[in-house]
Amino acid sequence: MAPALPGICDFGWKARDFALRGIDGRTWSLADVHGPKARSSPSSAITVPT
Amino acid sequence: MKAVISRLVDEAAALRDIGIGTIAIMPNDTEHYPADSFDNMKRFAAQHRFTFPYVIDETQEVARTYAAQCTPDFFGFNAADELQYRGRLDASRTTLVPGARRELFEAMRQVAATGRGPAEQMPSMGCSIKWRD
């Protein structure tokens, strides 16, 4: 298990846009996942198991 | 990752219910780690009933830009796209801790209400990203 930047949140760091291919065939960008107030974005969130 | 996936799916649904979107990004090198292939991502998402977009970072550029370290690694942004949360899902790791505080959910609820995340955050733990080099 590897810790992710322990205890560090770079408050205010501006998210960069992206265009990534989804499993649904669509290309997703940052704007596509906006909720009305905020967004939870578990980047690099999922490791596919064997 | 397997240990937290059901909780992650549940929390993403709870966040959606309060107006917060979620996207999952798979950044691993699929050439040297074929278990993380695009086809396996599809199977994984179906098996765990993902209700949020699941995308592949084929060049790993996004993971590097965001300084992602492991899977899972959580990034919470406010409406101005400013980072406000870089903590963990909850206190559980490989096994569920009964009554564990919902740290991601609570933090993002605060972000939605105030635009700011909590000052104290515990880092996420997981498998290191499988980089190409």
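Restricted to the stretch B:7-119, the set of helices (runs of 4 or more DSSP H) holding at least 3 residues that are modelled with pLDDT of 90 or more and either in contact with a Gly (Cβ under 9 Å, 6 or more places away or on another chain) or among the acidic types (Asp, Glu) (or both) comprises B:103-114. Could you say whether any residue in the stretch B:120-132 is hydroxyl-bearing (Ser, Thr, Tyr) and in contact with a helix residue (DSSP H, G or I) (Cβ under 7 Å, 6 or more places away or on another chain)? No, the stretch B:120-132 has no match at all. When the stretch B:82-133 is limited to residues that are touching a residue at least 60 places away in the same chain (Cβ under 8 Å) and among the aromatic types (Phe, Trp, Tyr), the one that is surrounded by the fewest Cβ atoms within 10 Å (Cβ to Cβ) turns out to be B:Trp131.
Which of the residues that make up the stretch B:22-37 are in contact with a Ser or Thr (Cβ under 7 Å, 6 or more places away or on another chain) and surrounded by fewer than 23 Cβ atoms within 10 Å (Cβ to Cβ)? Result: B:Thr30, B:Ala35, B:Ser37. Here B:Ala12 qualifies as more than 20 Å from B:Ile129 (Cβ to Cβ), free of Cβ contacts under 8 Å to residues at least 60 places away in the same chain and buried (at least 22 other Cβ atoms within 10 Å of the Cβ). Is it the case that B:Ser124 is small (Gly, Ala, Ser) and under 17 Å from B:Leu8 (Cβ atoms)? Criteria met by B:Ser124. Can you report the number of residues in the stretch B:31-86 which are of a type in the set (Asp, Glu) and at the interface with chain A (Cβ under 7 Å from one of its Cβ atoms)? Residues that pass the stated criteria total 5.
The values are calculated or read from the model by the stated rules, or taken from the named source; none is laboratory data. Being a predicted model, the structure only gives us computed values, none of them experimental. FYI the Cβ positions are ideal-geometry reconstructions off the backbone, even for glycines, and counts take in every protein chain you see.
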